[in-house]
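Everything below concerns the one structure shown next.
What follows is calculated from the coordinates using simple rules that are stated; it is not laboratory data. Note that the structure is a prediction, hence the values are computed from the model and not measured. FYI the Cβ positions are ideal-geometry reconstructions off the backbone, even for glycines, and counts take in every protein chain you see.
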Amino acid sequence: MEQKTLVVIPTRLAATRLPGKPLADIHGKPMIVHVWEKAVVANVGPVIVASADQDIIAVIQSFGGEGVLTDPALPTGTDRVKAAMDLYDPQGHYSHIINIQGDLPTLDPLLVRHALDPFQDPAVDMATLATPIEDPKELTDTNVVKIALSLQDEKTTGRALYFSRHLIPSGEGPHYHHIGLYAYTRECLTRYVSLPVHPLEVRERLEQLRALANGFRIDVKVVETEAPFGVDTPADLEKAIRVLGRP
């Protein structure tokens with residue numbers, strides 16, 4: 001099958017630390033619109049916003065985008081991505097799906113393109129990104145997810161062995177900051193959401209461990225960039241406003 005990519009941005013209004021955050025204003029545009037615009041600029045395929053909230057769908061449509069209304073009972077953003085894929089593409093035309101979190105307004109569109117690089121190997125089920133850790137503070141910051149990565153010399157793509165909020169692996173050598181942007185084959189995404197929550201996933205609070213524990217192959221593209229940050233608090237929103245500046 002020819003590789004065709006669909007980009008899905010799952011989002012919802014029910015955020016506890018920053019209520020209504022997808023619609024938070026950043027220089028005259030809601031945050032979700034900034035994320036959608038970055039995904040469109042990446043130009044890898046159609047971009048749809050998946051939400052259980054009609055207000056978000058209406059905002060995206062007002063800016064010329066496409067939205068898919070999904071069941072509010074869905075437990076995770078990944079489940080929302082799968083539901084949106086089924087609603088938008090019931091015939092299965094798209095072989096690969098990219099999941100972009102709706103709270104990444106500083107996302108570099110080039111990262112969206114790089115998320116597809118690992119699929120040059122057809123054995124890969126799922127792909128994501130990482131950047132080398134340069135700031136020693138990140139090594140002990142549990143908000144920074146690290147990857148034990150099997151990376152051969154001179155290569156920029158390797159296989160993920162484990163993800164953790166704590167420092168892995170031990171010993172001397174490079175460490176990698178996980179960038180939470182995911183791409184899946186359609187078959188991988190479909191099977192993944194059908195699997196039960198795994199104890200490691202709960203323990204580390206990292207969904208991708210469900211995939212590793214069930215034998216999925218996750219490859220990681222290493223990029224030299226500053227990792228985009230998620231907007232979870234009013235302070236994060238102020239930072240995003242400063243970083244993006246005035247158009």
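Of the beta bridges DSSP finds with both residues in the range 108-227, what % are antiparallel, to the nearest 5?
The antiparallel proportion sits near 75 percent.
Out of the DSSP beta bridges found with both residues in the chain, what percent are antiparallel (nearest 5)?
55
Return the calculated 222 nm mean residue ellipticity for the chain, to the nearest 500 deg cm²/dmol, obtained by summing -39500 (n - 2.57) across DSSP H runs with n ≥ 4 and dividing by the residue count. Write down the numbers at each step before the final one.
Numbers: 9 runs with 76 residues, N = 247.
For the chain, the value works out to -8500 deg cm²/dmol.
Rounded, prolate or oblate: pick one for the range 108-227, where a ≥ b ≥ c are the square roots of the eigenvalues of its C-alpha gyration tensor, a/c under 1.5 means rounded, and failing that, prolate if a/b is larger than b/c, else oblate.
oblate
Stokes-Einstein diffusion coefficient for the range 186-237 at 10 °C in a medium of 1.306 mPa s, Rh from the Kirkwood formula over Cα pairs: what value in µm²/s?
Stokes-Einstein gives a translational diffusion coefficient of 118 µm²/s.
Using a cut-off of 15 Å between beta-carbons, work out the net charge of the residues near Tyr184 (Lys and Arg +1, Asp and Glu -1, Tyr184 not included).
The answer is -1.
Roughly what percent of Cα-Cα pairs across the range 1-105 reach past 21 Å?
In whole percent, the share of Cα-Cα pairs in the range 1-105 beyond 21 Å is 28.
List the pairs from Lys4/Lys82; Lys29/Lys239; Lys4/Lys155 whose alpha-carbon separation is above 20 Å, in the order I gave them.
Pairs exceeding 20 Å: Lys4/Lys155.
Tally Lys and Arg at +1 and Asp and Glu at -1 over the other residues with C-beta under 15 Å from the C-beta of Glu134: what net charge comes out?
That works out to -3.
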